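The values are calculated or read from the model by the stated rules, or taken from the named source; none is laboratory data. Quantities reported herein were computed from a predicted structural model and do not represent experimental measurements. Neighbour counts are summed over all protein chains in view; Cβ atoms, including those assigned to glycine, are modelled from backbone coordinates with ideal geometry. Each accessible area value is taken on the protein alone, full model and side chains, heavy atoms only, with ligands, DNA and RNA left out. Shrake-Rupley method; radii C 1.70, N 1.55, O 1.52, S 1.80 Å.
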Amino acid sequence: MMAAVNAPAQEKTAFNRTILPIPEKPFQGYVGLTASESVKDFPPMVVPPEGAPNVLIIMTDDVGFGASEVFGGPIPTPAFDRLAKSGLIYNTFHTTAQCSPTRAALLTGRNHHTAGTGSIMEMGIGYEGYNTLVSKSLAGIGTILKENGYNTSWFGKNHNVPDWQNSQAGPYDLWPTGLGFEYFYGFLGGDAHQFSPALFEGTKPVEPPYKEGYHLDKDLADHAIARLRLLNAMAPDKPFLMYYTPGTSHAPHHAPKEWIEKFKGKFDMGWDVLREQTHQKQLKLGVIPKGTILTPRPDAVPAWNSLDKEHQQVFAHMMEVYAAALAHCDYQINRLLDALKETGRMDNTLIIYIQGDNGASGEGGDQGMLNEITLFNGVKENWKDIKAAYDAGTLGGPMHFNHMPAGWAHAMSTPFQWTKLIASHFGGTRNGMVISWPKRIKAKGELREQFHHVIDIMPTILEATGIPAPIEVYGVAQKPIEGTSMVYTFDNPKAPSTHRTQYFEIFCRRGVYHDGWVAATTPPSAPWIPSPPSKDPMYEYKWELYNVDEDFSEANNLAEKYPEKLQRLKDIFTVEAAKYHVFPLDDSNISRFDVANRPSYTIGRTSFVYYPGMVRIPEGSAPDMKNKSFKITAELNLTKGKTDGVLLTQGGRPGGYALFIKDGKLIYHYNFVGVERYEVVSEKALPFGKFTLVCNFDYEGDKPGGAGTMTFRINGKQIGKGRIEKTIPLRISLDETFDVGEDTGTPATEAYETPNHFEGEIVKLTIDI
């Protein structure tokens with residue numbers, strides 16, 4: 001309830017919470033001719049139901065079921081462990097197997113295809129279940145709690161803004177502030193450079209401090225703690241919703257050096273032995289049932305003992321980096337819990353901590369990566385470059401966008417088959433979760449085994465707060481919530497699950513759960529191995545069958561033994577898929593990253609005009625200069641001593657280009673996803689005074705990623721020319737941007753340090769495609 005003078009009157013007010021905003025109450029006072037004969041009456045302030053708890057949702061990124069110590073893994077997570085000991089441990093909780101889909105499902109309480117999020121934002125295509133546009137008929141937890149009197153905030157990763165709507169041009173209705181979150185501090189993309197993130201505060205781009213020792217996970221915790229303390233100082237009795245979603249442990253795996261050193265030598269045994277150790281710990285802890293079988297390693301993952309010593313050394317260190325990133329992240333979360341405890345409000349705070357938005361990521365493939373962007377462009381790195389980074393001790397630091405090999409991801413998903421992106425199997429969808437609410441949940445450290453899914457988070461919160469699901473929000477009729485509340489599990493560990501049926505699908509890797517049985521398609525290949533799309537994805541895939549009430553890890557395929565049961569479940573999947581907009585099935589993958597697949601403010605335009613200070617323009621809203629010829633025209637004014645700096649850049653260390661002046665000379669540096677680099681330099685220093693610079697790129701390729709020639713001219717006279725042998729075919733970056741007059745984020749070349757503001761005057765810069 002609210003504090004002070006308003007409390008007694010407001011406790012007696014009955015609100016119609018099914019219509020949001022809650023309808024205004026008529027004036028209950030009396031207005032006479034003068035104030036002395038009138039009776040005052042303030043409209044009642046909207047407050048949550050009496051006793052409604054605060055809500056803190058925490059979700060990490062790309063963390064498998066078997067990663068944390070709570071679930072038998074090798075990585076210490078004291079915040080997760082702390083909440084597990086004070087609350088409940090859920091070992092049969094599921095996500096969607098991919099990032100944006102899980103987040104859309106959590107926020108809306110509806111399946112990811114219902115929310116238009118059949119895949120990530122950068123892969124949206126023009127079908128109802130895949131267009132990345134969350135309908136206004138699916139009001140989420142932020143809007144519902146805000147309109148019921150909660151303070152709402154969001155810290156960390158978003159990845160739910162459509163690819164063409166994440167620029168300063170908006171629209172902003174699908175940004176966090178448009179989804180009911182009064183305060184947002186974090187990043188919009190699928191990942192973030194932890195040392196140089198592209199941050200937003202609300203809808204305003206903000207730059208992190210360019211100082212040694214900065215790390216985003218600490219920054220997020222600092223901001224969340226500050227917000228928590230501020231609200232507690234101003235309105236200590238007003239409940240809050242905080243959604244805390246760090247980007248760790250999604251690539252890049254970044255951690256402070258001292259944290260990486262903590263794990264030195266701890267993974268020298270390799271992924272096969274680690275899986276066995278984790279499996280035994282899980283059995284001992286009781287987080288998996290007795291008799292649970294450890295599923296075999298897939299053929300796509302090599303046996304650890306088959307690797308030479310050099311590969312083992314490098315791969316073990318990559319796992320050290322991953323472990324350090326997650327441990328450091330959880331340490332920051334523990335700081336947030338400490339701050340909450342200091343306010344005295346933890347007792348009545350419902351805390352839901354989901355360890356991962358999907359299984360651990362195998363996208364690092366067979367050798368890990370220095371740069372995740374290579375994956376999205378179908379490029380494989382040279383092993384000698386990876387080994388050189390290991391020798392230099394730079395893995396996990398700001399120079400790389402690194403990822404670990406798939407073998408470690410499989411180990412982090414113990415005891416299950418597969419990893420992230422494999423929605424058909426629990427290695428992609430089963431994530432550990434703990435729920436703590438000291439005032440309400442009296443059990444401490446108990447296990448809950450009911451089947452549940454991420455769409456159950458919102459209905460759980462609504463029941464816990466006493467707030468009904470609205471039937472109308474901002475004049476739009478609402479579709480039914482598709483999840484079920486988990487509140488019944490708080491007091492009854494043996495109650496049967498109320499979530500009886502659940503489909504799964506990402507890139508045609510699909511499955512369905514129904515009353516203790518699972519039907520799942522057999523993946524045609526590992527998700528980290530490029531493969532052509534199927535000709536008929538509906539019927540080409542084989543199916544498997546598991547009795548998961550008796551076979552926790554999906555180790556015993558019963559498809560041949562019970563063909564009728566399998567067909568029944570396949571039919572259920574078809575019904576669910578039709579109901580929730582899963583069709584049409586499509587297992588194409590990398591090609592979806594092309595920005596040409598989606599709407600854009602750039603479509604149909606061939607000329608773009610920019611001025612200095614126009615920065616942080618994301619790829620979906622920038623001119624698409626890939627796989628085509630283009631011309632850059634810059635009207636410049638240089639004076640002696642003020643000639644250097646960035647004219648134009650897009651991307652950063654993971655890949656991109658930079659047009660800049662250094663020591664008076666013009667340089668065009670092209671960074672081909674960190675694998676190869678090309679540079680064109682002017683023959684001499686640029687002149688002082690006003691002049692027009694023209695940079696022509698003539699594309700020579702007849703397919704994506706082709707070569708081209710860059711030519712410099714001033715007032716029509718050629719001053720430089722050079723060849724770019726390879727260009728980025730599909731995606732420059734997920735978080736680095738297009739900037740004019742400076743370079744935000746990381747630099748495309750180490751020839752300068754960001755932001756490298758241009759010292760001269762850019763009168764105007766034009767790009768013609």
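Scan segment 165-189 for residues that are part of a strand (DSSP E or B), aromatic (Phe, Trp, Tyr) and either open to solvent by less than 10 Å² (accessible area, probe 1.4 Å) or without any contact (Cβ under 8 Å) to a residue 24 or more places away in the chain (or both) and jot them down.
Answer for segment 165-189, where residues must be part of a strand (DSSP E or B), aromatic (Phe, Trp, Tyr) and either open to solvent by less than 10 Å² (accessible area, probe 1.4 Å) or without any contact (Cβ under 8 Å) to a residue 24 or more places away in the chain (or both): Phe184, Phe187.
Exactly one condition in (1) in contact with a strand residue (DSSP E or B) (Cβ under 7 Å, 6 or more places away or on another chain); (2) farther than 19 Å from Asp173 by Cβ; (3) among the hydrophobic types (A, V, I, L, M, F, W, C) is false for Ile120; which is it?
(1)
Looking at (1) open to solvent by 10 Å² or more (accessible area, probe 1.4 Å); (2) under 28 Å from Ala578 (Cβ atoms), can you tell me which one Ser119 breaks?
Failed condition: (1).
Only one residue in Pro755, Pro747 is open to solvent by less than 20 Å² (accessible area, probe 1.4 Å) and within 34 Å of the chain's Cα centre (by Cα). Which one?
Exactly one of Pro755, Pro747 is open to solvent by less than 20 Å² (accessible area, probe 1.4 Å) and within 34 Å of the chain's Cα centre (by Cα), namely Pro747.
Can you work out which of the residues in segment 403-422 that are aliphatic (A, V, I, L, M) and closer than 25 Å to Ser588 by Cα is surrounded by the most Cβ atoms within 10 Å (Cβ to Cβ)? Break it down stepwise before answering.
Going through segment 403-422, the residues aliphatic (A, V, I, L, M) turn out to be 404, 406, 409, 411-412, 421-422.
Now drop any that are not closer than 25 Å to Ser588 by Cα, which leaves 404, 406, 409, 421-422.
Details: Met404: 33, Ala406: 29, Ala409: 30, Leu421: 25, Ile422: 30.
Filtering first and then ranking leaves Met404.
Would you confirm whether any residue within segment 418-439 is of a type in the set (D, E, K, R) and either farther than 30 Å from Pro298 by Cα or free of Cβ contacts under 8 Å to residues at least 40 places away in the same chain (or both)?
Yes, that holds for at least one residue.
Give the residue that is farthest from the chain's Cα centre (by Cα), with candidates limited to residues of segment 665-695 that are open to solvent by 10 Å² or more (accessible area, probe 1.4 Å) and on the phi > 0 side of the Ramachandran plot.
The selected residue is Gly689.
Is it fair to say Asp62 is more than 26 Å from Pro468 (Cα to Cα) and part of a loop (DSSP other than H, G, I, E, B)?
It is true that Asp62 is more than 26 Å from Pro468 (Cα to Cα) and part of a loop (DSSP other than H, G, I, E, B).
Find the residue count for segment 204-230, including only residues that are open to solvent by 30 Å² or more (accessible area, probe 1.4 Å) and either on the phi > 0 side of the Ramachandran plot or touching a residue at least 24 places away in the same chain (Cβ under 8 Å) (or both).
Number of matching residues: 8.
Any residue in segment 466-490 that is assigned to a loop (DSSP other than H, G, I, E, B) sitting within a Cβ distance under 6 Å of a residue that is open to solvent by less than 20 Å² (accessible area, probe 1.4 Å) and β-branched (Val, Ile, Thr)? List the pairs, counting only those 6 or more apart or interchain.
Pairs found: Glu482/Ile455; Gly483/Ile455; Ser485/Thr460; Met486/Thr460; Phe490/Ile441.
Can you tell me which residues in segment 132-156 are more than 18 Å from the chain's Cα centre (by Cα), buried (at least 24 other Cβ atoms within 10 Å of the Cβ), of a type outside the set (Gly, Ala, Ser) and not in a helix (DSSP H, G or I)?
Within segment 132-156, Asn148, Tyr150, Thr152 meet the criteria.
Out of Gly129, Gly116, which single residue is farther than 17 Å from Ile422 by Cβ and either without any contact (Cβ under 8 Å) to a residue 40 or more places away in the chain or under 18 Å from the mean Cα position of the chain (by Cα) (or both)? Don't jump to the end; show me each part of the working.
Details: Gly129 fails: either without any contact (Cβ under 8 Å) to a residue 40 or more places away in the chain or under 18 Å from the mean Cα position of the chain (by Cα) (or both).
The conditions single out Gly116.
List, please: which pairs have Cβ atoms under 9 Å, are six or more places apart or on different chains, and start with a residue in segment 282-311 that is more than 12 Å from Ser553 (Cα to Cα) and end with one that is open to solvent by 50 Å² or more (accessible area, probe 1.4 Å) and modelled with pLDDT under 95?
Ala300/Ile529
Write out, first by first residue and then by second, each pair whose Cβ atoms fall under 6 Å of each other, whose residues are 6+ apart or on separate chains, and whose first residue, in segment 631-646, is more than 16 Å from Arg713 (Cα to Cα) and open to solvent by less than 60 Å² (accessible area, probe 1.4 Å) while the second is assigned to a strand (DSSP E or B) and modelled with pLDDT of 95 or more.
Note: pairs meeting the criteria are Thr643/Ile661; Asp644/Ile661; Asp644/Lys662; Val646/Phe660.
Since Val314 meets every condition but one in (1) buried (at least 23 other Cβ atoms within 10 Å of the Cβ); (2) in a helix (DSSP H, G or I), which condition does it not meet?
Among (1) buried (at least 23 other Cβ atoms within 10 Å of the Cβ); (2) in a helix (DSSP H, G or I), Val314 violates only (1).
Which pairs turn up if I take residues in segment 23-49 that are more than 30 Å from Leu241 (Cα to Cα) and look for partners that are assigned to a loop (DSSP other than H, G, I, E, B) and among the acidic types (Asp, Glu) with beta carbon separation below 7 Å, at least 6 apart in sequence or on another chain?
Every condition considered, the pairs that remain are Phe27/Asp41; Gln28/Asp41; Gly29/Asp41.
Within segment 419-433, work out how many residues are part of a loop (DSSP other than H, G, I, E, B) and over 15 Å from Gly72 (Cβ atoms).
The number of residues fulfilling the criteria is 7.
Specify which of the listed residues (His400, His425) is open to solvent by 10 Å² or more (accessible area, probe 1.4 Å) and touching a strand residue (DSSP E or B) at 6+ places or on another chain (Cβ under 7 Å).
Answer to the selection: His400.
Table: residues versus (1) surrounded by fewer than 19 Cβ atoms within 10 Å (Cβ to Cβ); (2) among the acidic types (Asp, Glu); (3) over 16 Å from Leu421 (Cα atoms); (4) at pLDDT 95 or above.
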{"residue": "Ile506", "(1), (2), (3), (4)": "no, no, no, yes"}
{"residue": "Ser534", "(1), (2), (3), (4)": "yes, no, yes, no"}
{"residue": "Lys542", "(1), (2), (3), (4)": "yes, no, yes, yes"}
{"residue": "Tyr546", "(1), (2), (3), (4)": "no, no, yes, yes"}
{"residue": "Glu550", "(1), (2), (3), (4)": "yes, yes, yes, yes"}
{"residue": "Ala555", "(1), (2), (3), (4)": "yes, no, yes, yes"}
{"residue": "Lys570", "(1), (2), (3), (4)": "yes, no, yes, yes"}
{"residue": "Phe573", "(1), (2), (3), (4)": "no, no, yes, yes"}
{"residue": "Ile590", "(1), (2), (3), (4)": "yes, no, no, no"}
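Among the candidates Pro197, Pro162, single out the residue that is part of a loop (DSSP other than H, G, I, E, B) and in contact with an Asp or Glu (Cβ under 9 Å, 6 or more places away or on another chain).
That would be Pro197, the only listed residue that is part of a loop (DSSP other than H, G, I, E, B) and in contact with an Asp or Glu (Cβ under 9 Å, 6 or more places away or on another chain).
Look through segment 356-392, keep the residues that are over 23 Å from Pro527 (Cβ atoms) and free of Cβ contacts under 8 Å to residues at least 24 places away in the same chain, and return whichever of them is least open to solvent (accessible area, probe 1.4 Å).
Going through the qualifying residues, I end up with Ala389.
When the residues of segment 596-607 are filtered to those that are over 20 Å from Lys631 (Cα atoms) and either open to solvent by less than 50 Å² (accessible area, probe 1.4 Å) or among the charged types (D, E, K, R) (or both), which remaining residue is modelled with the lowest pLDDT?
If we take residues in segment 596-607 being over 20 Å from Lys631 (Cα atoms) and either open to solvent by less than 50 Å² (accessible area, probe 1.4 Å) or among the charged types (D, E, K, R) (or both), then Ser600 is modelled with the lowest pLDDT.
Between Arg103, Arg110, Arg82, which is surrounded by 19 or more Cβ atoms within 10 Å (Cβ to Cβ), basic (Lys, Arg), in contact (Cβ under 8 Å) with a residue 60 or more places away in the chain and within 20 Å of Lys444 (Cβ to Cβ)?
Working: Arg103 fails: within 20 Å of Lys444 (Cβ to Cβ); Arg110 fails: within 20 Å of Lys444 (Cβ to Cβ).
Arg82 is the lone residue from the list that is surrounded by 19 or more Cβ atoms within 10 Å (Cβ to Cβ), basic (Lys, Arg), in contact (Cβ under 8 Å) with a residue 60 or more places away in the chain and within 20 Å of Lys444 (Cβ to Cβ).
Every residue, every condition in (1) buried (at least 24 other Cβ atoms within 10 Å of the Cβ); (2) hydrophobic (A, V, I, L, M, F, W, C); (3) in a helix (DSSP H, G or I), yes or no:
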position: Gly291; (1), (2), (3): no, no, no
position: Arg297; (1), (2), (3): no, no, no
position: Tyr322; (1), (2), (3): yes, no, yes
position: Ile333; (1), (2), (3): yes, yes, yes
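Among the candidates Leu231, Leu174, single out the residue that is under 17 Å from the mean Cα position of the chain (by Cα) and either modelled with pLDDT of 95 or more or not basic (Lys, Arg) (or both). First the steps, then the outcome.
On the way: Leu231 fails: under 17 Å from the mean Cα position of the chain (by Cα).
Among Leu231, Leu174, only Leu174 is under 17 Å from the mean Cα position of the chain (by Cα) and either modelled with pLDDT of 95 or more or not basic (Lys, Arg) (or both).
Is it the case that Thr489 is under 19 Å from Pro101 (Cβ atoms) and at pLDDT 95 or above?
It is false that Thr489 is under 19 Å from Pro101 (Cβ atoms) and at pLDDT 95 or above.
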